[in-house]
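The values are calculated or read from the model by the stated rules, or taken from the named source; none is laboratory data. These numbers come from a predicted model, not from an experiment. Note that each Cβ is placed from the backbone with ideal geometry, even for glycine, and that neighbours are counted across all protein chains shown. Heavy atoms of the whole protein, side chains included, go into the accessibility calculation; ligands, DNA and RNA do not. Shrake-Rupley method; radii C 1.70, N 1.55, O 1.52, S 1.80 Å.
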Amino acid sequence: MKHIKTINKANLKKTAEKGGCGKCQASCQSACKTSCTVANQKCAKDE
Amino acid sequence: MIHKFKLSGFNILLDVNSGGVHIVDDLTYDLLDNVEPPFADECPEEVVNKLSKLYDAEEIKECYGEIVELYNDKILFSEDDYEKYAKFAVASPVKAMCLHIAHDCNLRCEYCFASTGDYGVGRKRMSLETGKKAIDFLIEKSQDRKFLELDFFGGEPLMNWDVVKEIVIYAREREKECGKKFRFTITTNGLLLTDDKIDFINEEMSNVVLSIDGRKSVNDRMRKRVDGTGSYDKITDVFKKLVDKRGDKEYYVRGTYTKYNLDFSEDVMHLYELGFDQISVEPVMADPEMPYAITEADLPKIFKEYEILAQKLQKVYDEGKFVNFFHFMLDLDQGPCAIKRLRGCGCGNEYVAVTPDGDIYPCHQFVGIDDFKMGNLDDGTFNQEMKSYFAASHVYSKPECKKCWAKFYCSGGCNANNYIYEGDIHNAHKLSCEIQKKRLECSIMMKALKLAETAE
Ligand code: SF4
Ligand code: SF4
């Protein structure tokens with residue numbers, strides 16, 4: 001495309017279908033604690 | 001829903017519901033202010049006329065075609081069909097715990113949310129007996145979850161070090177019997193760190209959080225000892241030692257910025273220059289009446305500072321070096337599933353905090369707020385109703401979040417801040433939101449640039 005460069009083809013929707021297993025790490029994002037945004041976490045489903 | 005913004009000379013376009021990210025030219029950027037679904041086959045005449053003062057008519061039509069193509073591919077203006085997953089928001093096993101090993105501290109940080117370590121309820125240390133009960137509680141309530149997280153927190157956990165060690169030993173015994181795996185973390189101000197503690201921490205703790213605010217003047221202004229002297233000199237030495245010996249294991253240094261150091265990019269870079277490459281520095285959350293509190297009036301300066309920080313970090317990357325600033329970490333491809341993103345921290349549901357008295361709270365920030373006491377380890381109480389209340393807290397139960405472009409990255413913010421500053425866990429805390437969104441824009445921009453480079 002000339003005007004738009006897609007740099008990330010989304011996959012959020014797919015993750016929803018298989019998601020929700022709850023195996024991933026808990027993720028407090030407040031100032032006083034672990035503090036990274038949830039979006040940065042790893043999926044732990046297949047661990 | 002889309003969100004677009006200009007940063008560092010780039011026009012960035014986020015498709016909120018799919019997570020797609022695009023870099024667009026000025027024409028697309030302006031055109032998107034004028035068109036939205038449902039799309040016609042051709043660009044509407046009045047839009048072409050309106051924009052033809054700035055752009056060539058043929059180009060406008062061509063650009064419109066590209067927008068429609070991405071829309072048809074469902075990576076632009078894709079639909080919000082996640083609400084159905086809110087049904088997953090039910091009570092879950094408890095898998096993480098914050099253990100308040102000592103409600104006491106050897107520092108008197110001015111901004112401490114725990115009122116100098118005692119949470120306003122008196123200085124206390126957890127007994128080994130209570131610690132063991134907490135481990136048993138977590139194992140029992142975790143049901144089929146294998147990986148359990150336990151964070152030694154305070155106050156200052158090193159003030160009750162022997163109990164920390166004993167609890168780790170006990171949990172290691174129990175995990176074998178029960179087929180669980182504990183992942184320990186500890187948060188410390190460093191004052192009591194010694195060689196043998198460093199070795200134990202490096203051996204047993206999967207992550208360690210080292211509190212330091214940055215430059216000496218900044219750190220020592222807020223992070224003072226009981227006698228008023230600063231802590232910088234002592235902790236920089238021991239933290240470096242700990243990190244050097246730690247190998248590849250996770251750690252991070254974390255600081256707080258306040259109204260006194262709105263030029264906090266200097267502090268991040270200072271920590272980097274000290275030799276730390278895992279860094280988190282974040283805004284203080286405080287009563288707006290406090291002299292060091294950040295208020296809405298500070299936001300323009302803070303936004304600018306995040307941009308400056310992004311540039312400084314970019315420079316480090318350009319030199320082929322590495323540093324990780326936590327709030328700019330973003331995994332565009334492989335982050336957690338959408339359901340996790342809807343639910344966020346899981347406090348009061350998957351995560352609880354336990355005090356030296358064995359009282360259970362939804363998380364460390366709720367400790368000491370009577371209305372949120374969930375139960376107690378000694379009398380075996382654990383309020384399931386409150387657990388369900390927290391379980392049902394997700395971006396679709398929070399009115400502001402539901403319509404927010406950042407919801408899949410922010411996950412509805414911090415329930416505790418929402419409650420403390422806005423009166424209800426469902427009310428987004430505006431100040432946090434503004435800062436969160438700015439950080440996200442910066443991190444999406446940095447990721448976008450990186451991907452754009454490699455795509456070329
Ligand atoms: S807490 Fe604020 S920034 Fe986060 S999703 Fe809700 S409204 Fe958006
Ligand atoms: S409510 Fe806030 S402080 Fe508590 S666990 Fe969630 S994000 Fe962290």
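The residue that is farthest from residue B:219 (Cα to Cα), counting only those in segment B:252-279 that are open to solvent by 20 Å² or more (accessible area, probe 1.4 Å) and of a type in the set (Ser, Thr, Tyr), is B:272. Counted as qualifying within segment B:358-456 are the helices (runs of 4 or more DSSP H) with 3 or more residues that are within 14 Å of chain A (Cβ to nearest Cβ) and modelled with pLDDT of 90 or more, namely B:415-422, B:430-455. Residues in segment B:301-318 include none that are part of a loop (DSSP other than H, G, I, E, B) and more than 14 Å from chain A (Cβ to nearest Cβ). In segment B:343-356 there is at least one residue matching the filter, namely being in a helix (DSSP H, G or I), within 16 Å of ligand 1 (Cβ to nearest atom) and farther than 19 Å from residue B:99 by Cβ. Of the residues making up segment B:79-99, those that are open to solvent by less than 10 Å² (accessible area, probe 1.4 Å) and closer than 15 Å to residue B:137 by Cβ are B:94, B:95, B:96, B:97, B:98, B:99.
Of all the residues in segment B:108-146, those that are closer than 20 Å to residue B:181 by Cα, within 14 Å of chain A (Cβ to nearest Cβ) and either outside any helix (DSSP H, G or I) or β-branched (Val, Ile, Thr) (or both) number 5. Inside segment B:141-171, residues that are open to solvent by less than 50 Å² (accessible area, probe 1.4 Å) and over 22 Å from the mean Cα position of the chain (by Cα) make up a count of 12. Just one of (1) in a helix (DSSP H, G or I); (2) within 14 Å of chain A (Cβ to nearest Cβ); (3) open to solvent by less than 10 Å² (accessible area, probe 1.4 Å) fails for residue B:293. It is (1). Let me spell it out: the conditions are (1) open to solvent by less than 30 Å² (accessible area, probe 1.4 Å); (2) touching a helix residue (DSSP H, G or I) at 6+ places or on another chain (Cβ under 7 Å); (3) within 16 Å of ligand 2 (Cβ to nearest atom), and residue B:446 meets all of them except one. Which number is the exception? With (1) open to solvent by less than 30 Å² (accessible area, probe 1.4 Å); (2) touching a helix residue (DSSP H, G or I) at 6+ places or on another chain (Cβ under 7 Å); (3) within 16 Å of ligand 2 (Cβ to nearest atom) applied to residue B:446, the lone miss is (3). Out of the residues in segment B:402-438 that are in contact with a His (Cβ under 6 Å, 6 or more places away or on another chain) and away from ligand 2 (no atom under 11 Å from the Cβ), state the one that is least open to solvent (accessible area, probe 1.4 Å). My answer is B:405.
On the basis of being part of a loop (DSSP other than H, G, I, E, B) and modelled with pLDDT of 95 or more, does residue B:214 make the cut? Answer is yes for this residue. The sole residue among B:440, B:449 that is more than 15 Å from the chain's Cα centre (by Cα) and either within 11 Å of ligand 1 (Cβ to nearest atom) or more than 17 Å from residue A:12 (Cα to Cα) (or both) is B:449. Taking segment B:355-370 as the range and being within 13 Å of ligand 2 (Cβ to nearest atom), surrounded by 24 or more Cβ atoms within 10 Å (Cβ to Cβ) and among the β-branched types (Val, Ile, Thr) as the test, only B:367 passes.
Residue pairs whose Cβ atoms lie under 8 Å apart, separated by 6 or more positions or on different chains, with the first residue in segment B:424-440 and farther than 20 Å from residue B:297 by Cα and the second within 12 Å of ligand 2 (Cβ to nearest atom) and open to solvent by 50 Å² or more (accessible area, probe 1.4 Å), are B:425/B:419. Do the conditions hold for residue B:65, that is, is it crowded, with 20+ Cβ neighbours inside 10 Å, among the small types (Gly, Ala, Ser) and more than 30 Å from residue B:227 (Cβ to Cβ)? Judged against the criteria, residue B:65 is not a match.
Scan segment B:345-354 for residues that are open to solvent by less than 10 Å² (accessible area, probe 1.4 Å) and either within 11 Å of chain A (Cβ to nearest Cβ) or more than 9 Å from ligand 2 (Cβ to nearest atom) (or both) and the total you get is 5.
The listed residues are B:218, B:209, and the only one of them that is within 24 Å of residue B:273 (Cα to Cα), within 14 Å of chain A (Cβ to nearest Cβ) and in contact (Cβ under 8 Å) with a residue 12 or more places away in the chain turns out to be B:209.
Selection of first residues in segment B:278-291 that are of a type in the set (Ser, Thr, Tyr) and of second residues that are assigned to a loop (DSSP other than H, G, I, E, B), restricted to Cβ pairs under 7 Å at least 6 apart or on distinct chains, gives the following pairs, ordered by first then second residue: B:280/A:35.
The rows are residues; the columns are (1) under 22 Å from the mean Cα position of the chain (by Cα); (2) of a type in the set (D, E, K, R).
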residue	(1), (2)
B:224	no, yes
B:236	no, no
B:253	yes, no
B:259	yes, yes
B:273	no, yes
B:286	yes, no
B:294	yes, no
B:303	yes, no
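I'd like to check something: does segment B:5-13 contain any residue that is assigned to a loop (DSSP other than H, G, I, E, B) and among the hydrophobic types (A, V, I, L, M, F, W, C)? No, there is no match, as no residue in segment B:5-13 is assigned to a loop (DSSP other than H, G, I, E, B) and among the hydrophobic types (A, V, I, L, M, F, W, C).
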